[in-house]
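The values are calculated or read from the model by the stated rules, or taken from the named source; none is laboratory data. The model shown is predicted, which means the values in this text are computed figures rather than measured ones. Here the Cβ is made from the backbone with ideal geometry for all residues, glycine too, and neighbour counts use every protein chain on show.
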Amino acid sequence: MTVTAPARGAEPAVPGSDIKLGLTLYSLTSEWAAGRYDLAGLLDVVDAAGIGPGIEIVASQTIRTYPEVTDEFVRDWREAFDRHGFVPSSFGCNLDMGRRRDRDMTPDEEYEFTVTQFRSAHALGFPLVRIQSAKPSLIRRLLPVADELDLTMGWELHAPLGPNSPRVMEIRETYEQIGSERLGFVADFSSTMHSMSPTILRKLGKMGLGAEELDRLQEIWATDADINARHGEFVEYLHSRGIAPESLGSFARLAFNMHGHVDPAEWADIMPQIKHVHAKFYDIDEHGDEPAIDYPAIVREFVRGGYSGFFSSEWEGHAFADLDEADPVDLVRKQHDLIRRSITAALTSKDS
Amino acid sequence: MLTENSLLRRPEGLGIALTVPWYRSLWLSSVSDIAVSVEGREITKDDLRVELGDRTFRVDELADQWDVLWFIQDRLVVVVPLDRPVDEGEQVDVEVTVDLRLPYMQIAPTKYVTNHASNRRSLVAHGESR
């Protein structure tokens, strides 16, 4: 039997807006994967750094018995959350439809695999589940379970897509047809970057790309063609320069997949449906800014739109950096400062 | 995938402890292939054994293990037979390649995004041979 978590709240980051802070433990992927901490130790580090109170997980990363949770895990989790005053923000589900090699999951299996994770999320006290499939038949079937467990379902809107991309428009139509408050989006700021992050450019430089190739990559990135077309153009260009695309591993494609350049103003088009935010970032520069993501401009949209919920800090620099090349805890702390400063600026300009 | 503690002593030859070359735990069925070279010499795939906890598989058996989770904090140990076991403190050049098929990133029916990870390092053997 699972017991509903006591209702807990997090204070707004800055009075006057209802944006709350926290992080996804995914920000500490490298340290976690290296076995530097167990879960209790990881939560201690987050508390000591003051980068809660909202805690998000990728279930397939955090839970050894994924997609299920054991009673023991739930008990330890709750004890730790009570001790630290943390608030569960978002439970990242995955839909492992290609788990078997001989065939994909059947619709029944997709439903059951997802429901198992919904029940785990509920047992851990999460109010929201990040979902990866917005297939209308699956969504409709999951709704009664979300009702029973009092969960909101947020489809993750991530680069290269934006709020008005054709695929997202289809999901918005599905949501409109179903008309449930339990359906919405997890907005990931990777969609709205103004340039490629210096972090991935540095990595590609280390892997052998010269200044000219990196310039060309950024030019292609900035065009409006779809991801396959842009990736294809870059691969062709690499060939023309005598560079084997394979020498860059998966990074040549990730560059397009992980970074989108949609206008931050588009978030306003779906603001009432944004239930949670992945405050994506790769670095914080010496001025306290994110070099490729315009936090003040994005935050302004969320303050003006009256967003109420978490900004869950998601440092993804670990995809391009080795363990100990950067300190994710310190970076999240600096990014929280940037978010607070951006909220304050937005509130000031709103009043004037 | 390889850390400075990856090279293990084994009576068969040596063991190589691998970290998951992805950000989340994966079902063992997600491992499409493993290739190992020792001192630049490629080891015949059929001779490799893959251990997770107390379970042992051949590389071509991994595809069927859709209900065995390679938890991100656990190490997959590839056991490589050699003419003689490596000694404590011995330095060995190893190269490991792991191909993944990511089960939640579908492109088309039964077709998924793949990831190719390759790592070569000169490592020092340690630990009790078992």
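If you check every pair at least six apart or on different chains, which have Cβ atoms under 6 Å apart with a residue in region A:219-233 that is of a type outside the set (A, V, I, L, M) first and a residue that is part of a loop (DSSP other than H, G, I, E, B) second?
The qualifying pairs are A:221/A:196.
Using the structure shown, decide if residue A:14 is of a type outside the set (Phe, Trp, Tyr), at pLDDT 95 or above and either assigned to a helix (DSSP H, G or I) or closer than 15 Å to residue A:333 by Cβ (or both).
On the way: of a type outside the set (Phe, Trp, Tyr): yes; at pLDDT 95 or above: yes; either assigned to a helix (DSSP H, G or I) or closer than 15 Å to residue A:333 by Cβ (or both): no.
No; evaluated as a whole, the condition is false for this residue.
From B:20, B:96, B:80, grab the single residue that is touching a residue at least 40 places away in the same chain (Cβ under 8 Å), within 21 Å of residue A:248 (Cα to Cα), within 12 Å of the chain's Cα centre (by Cα) and more than 14 Å from chain A (Cβ to nearest Cβ). Reasoning before the result, please.
Working: B:20 fails: more than 14 Å from chain A (Cβ to nearest Cβ); B:80 fails: within 21 Å of residue A:248 (Cα to Cα).
Within the list B:20, B:96, B:80, the selection yields B:96.
Output the qualifying pairs, or none if there are none: Cβ atoms under 9 angstrom, residues six or more apart or on different chains, first residue in region B:47-68 and more than 10 Å from every other protein chain (Cβ to nearest Cβ), second residue in a helix (DSSP H, G or I) and hydroxyl-bearing (Ser, Thr, Tyr).
Hits for this filter: B:68/B:29.
What helices (runs of 4 or more DSSP H), lying completely within region A:31-141, carry at least 1 residues that are touching a residue at least 40 places away in the same chain (Cβ under 8 Å) and more than 25 Å from residue A:188 (Cα to Cα)?
On the way: elements: A:39-49, A:59-62, A:71-84, A:107-123.
Once the helices (runs of 4 or more DSSP H) in region A:31-141 are filtered for at least 1 residues that are touching a residue at least 40 places away in the same chain (Cβ under 8 Å) and more than 25 Å from residue A:188 (Cα to Cα), what remains is A:39-49, A:71-84, A:107-123.
Can you spot a residue in region A:18-31 that is within 30 Å of residue B:17 (Cα to Cα), within 11 Å of chain B (Cβ to nearest Cβ) and either in contact with a His (Cβ under 6 Å, 6 or more places away or on another chain) or at pLDDT below 95 (or both)?
So far as region A:18-31 goes, yes, one or more of its residues are within 30 Å of residue B:17 (Cα to Cα), within 11 Å of chain B (Cβ to nearest Cβ) and either in contact with a His (Cβ under 6 Å, 6 or more places away or on another chain) or at pLDDT below 95 (or both).
I'd like to check something: does region A:328-336 contain any residue that is assigned to a helix (DSSP H, G or I), within 21 Å of residue A:45 (Cα to Cα), of a type in the set (Lys, Arg) and more than 14 Å from chain B (Cβ to nearest Cβ)? Outline the logic, then answer.
Narrowing region A:328-336 to residues assigned to a helix (DSSP H, G or I): A:328-336.
Now drop any that are not within 21 Å of residue A:45 (Cα to Cα), which leaves A:328-336.
Imposing the further condition that a residue be of a type in the set (Lys, Arg) reduces the set to A:333-334.
Now restrict to residues that are more than 14 Å from chain B (Cβ to nearest Cβ): A:333-334.
Scanning region A:328-336, I find at least one residue that is assigned to a helix (DSSP H, G or I), within 21 Å of residue A:45 (Cα to Cα), of a type in the set (Lys, Arg) and more than 14 Å from chain B (Cβ to nearest Cβ), so the answer is yes.
On the basis of being closer than 20 Å to residue A:165 by Cβ, surrounded by fewer than 18 Cβ atoms within 10 Å (Cβ to Cβ) and out of contact with any Pro (no Cβ under 9 Å at 6 or more places or on another chain), does residue A:263 make the cut?
Working: closer than 20 Å to residue A:165 by Cβ: yes; surrounded by fewer than 18 Cβ atoms within 10 Å (Cβ to Cβ): yes; out of contact with any Pro (no Cβ under 9 Å at 6 or more places or on another chain): yes.
In short, yes.
When you check residue B:99 against the structure, is it at pLDDT 95 or above, on the phi < 0 side of the Ramachandran plot and surrounded by fewer than 16 Cβ atoms within 10 Å (Cβ to Cβ), yes or no? Please lay out each step first, then the result.
Working: at pLDDT 95 or above: yes; on the phi < 0 side of the Ramachandran plot: yes; surrounded by fewer than 16 Cβ atoms within 10 Å (Cβ to Cβ): no.
The answer is no for residue B:99.
Which of the residues belonging to region A:234-259 are surrounded by fewer than 15 Cβ atoms within 10 Å (Cβ to Cβ) and either charged (D, E, K, R) or not in a helix (DSSP H, G or I) (or both)?
Scanning region A:234-259 gives A:236, A:241, A:242, A:244, A:246.
Within 9 Å of chain B (Cβ to nearest Cβ) and either touching a Lys or Arg at 6+ places or on another chain (Cβ under 9 Å) or modelled with pLDDT under 95 (or both): is that true of residue A:58 in this structure?
Yes: the conditions hold for residue A:58.
Hey, residue B:109 hits all of (1) within 14 Å of chain A (Cβ to nearest Cβ); (2) out of contact with any Gly (no Cβ under 8 Å at 6 or more places or on another chain); (3) touching a residue at least 60 places away in the same chain (Cβ under 8 Å) but one; which does it fall short on?
Here residue B:109 clears every test but (3).
Can you confirm whether region A:114-121 contains a residue that is crowded, with 20+ Cβ neighbours inside 10 Å, modelled with pLDDT of 95 or more and either within 12 Å of another protein chain (Cβ to nearest Cβ) or more than 30 Å from residue B:64 (Cβ to Cβ) (or both)? So that I can check it myself, show each step before the final result.
Keep residues of region A:114-121 that are crowded, with 20+ Cβ neighbours inside 10 Å, which gives A:114, A:117-118, A:120-121.
Going one step further and asking which of them are modelled with pLDDT of 95 or more, we end up with A:114, A:117-118, A:120-121.
Remaining after also requiring either within 12 Å of another protein chain (Cβ to nearest Cβ) or more than 30 Å from residue B:64 (Cβ to Cβ) (or both): A:114, A:117.
Yes - at least one qualifying residue is present in region A:114-121.
Exactly one of (1) surrounded by fewer than 13 Cβ atoms within 10 Å (Cβ to Cβ); (2) in contact (Cβ under 8 Å) with a residue 60 or more places away in the chain; (3) of a type in the set (Lys, Arg) is unmet by residue A:206. Its number?
It fails just one condition, (2).
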